[in-house]
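Contents: one structure, followed by commentary.
The values are calculated or read from the model by the stated rules, or taken from the named source; none is laboratory data. Predicted model only: the values in this text are computed from it and were never measured. Note that each Cβ is placed from the backbone with ideal geometry, even for glycine, and that neighbours are counted across all protein chains shown.
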Amino acid sequence: MVATVAAFWQIDLRRHAEEAYVATTRAVPAGQVVTDADLTTVQVASASGLALLPASRRSDFVGRTAAVPLAANSLLVEGQLGPAAWPPAGQAVIAVLVKAGKAPATLAAGTNVVVLVAPAAGQPATAASSPADAAVQVRRATAMVVSAVPGEQEPGSQVVTLLLGAAAAETVAGAAGDVSLVQSGAKE
């Protein structure tokens, strides 16, 4: 039985060995028009069960819009192209400047974080009539990292793009103070 499975696997690999599919050469943000320079073709040994875009139709995909952010060097499927579907309904994308030491240095796309915005050091805080009022000064939200790049103004800082609920995005974007990001585990 093992020999039969191995034989069929080898036949399938040979039959599909010459199949080429479309992949990205660089990251393409959602809503951006895909250019020929954004695409390449790659050989895939067995694409069984995957709805990959065939290389023979590559020119059909040039000029279409990325419906979601496309990662560099990734295979494409039909649902990733079309009208922008990013951010998803009820969600928003914002960018925050995170000072050195206020977030893990190795934030990657897909990382879940807790966003905390506290009054900046030396910034006068409003008087709190109770400990509960003091806690209100710190804004908190949960988010997912879309991207993180080094900040140009301050050494060690990062500009982090976040995906979070629309109401939370407005709260974080409207809060004055220093942003801290706490990496959290996967959502359950």
- line: Taking the stretch 151-169 and keeping residues more than 15 Å from V179 (Cα to Cα), out of contact with any strand residue (DSSP E or B) (no Cβ under 7 Å at 6 or more places or on another chain) and not charged (D, E, K, R) leaves Q153, P155, A167
Residues being touching a residue at least 40 places away in the same chain (Cβ under 8 Å) and in a helix (DSSP H, G or I) - total across the stretch 169-184: 4
task: Go through V93, V22 for me and flag whichever is modelled with pLDDT of 90 or more, touching a Pro at 6+ places or on another chain (Cβ under 7 Å) and not hydroxyl-bearing (S, T, Y).
output: V93
statement: Contact list, first residue from the stretch 100-115 and under 19 Å from V172 (Cα atoms), second anywhere and of a type in the set (K, R), beta-carbon distance below 8 Å, six or more apart or interchain, is N112/K187; V114/R140; V115/R139; V115/R140
task: Take the stretch 86-98 and flag every residue that is over 18 Å from S147 (Cβ atoms) and surrounded by 15 or more Cβ atoms within 10 Å (Cβ to Cβ).
output: none
message: Can you pull out every residue in the stretch 61-79 that is surrounded by 15 or more Cβ atoms within 10 Å (Cβ to Cβ) and touching a Leu at 6+ places or on another chain (Cβ under 8 Å)?
response: F61, T65, A66, A67, L70, L75, L76
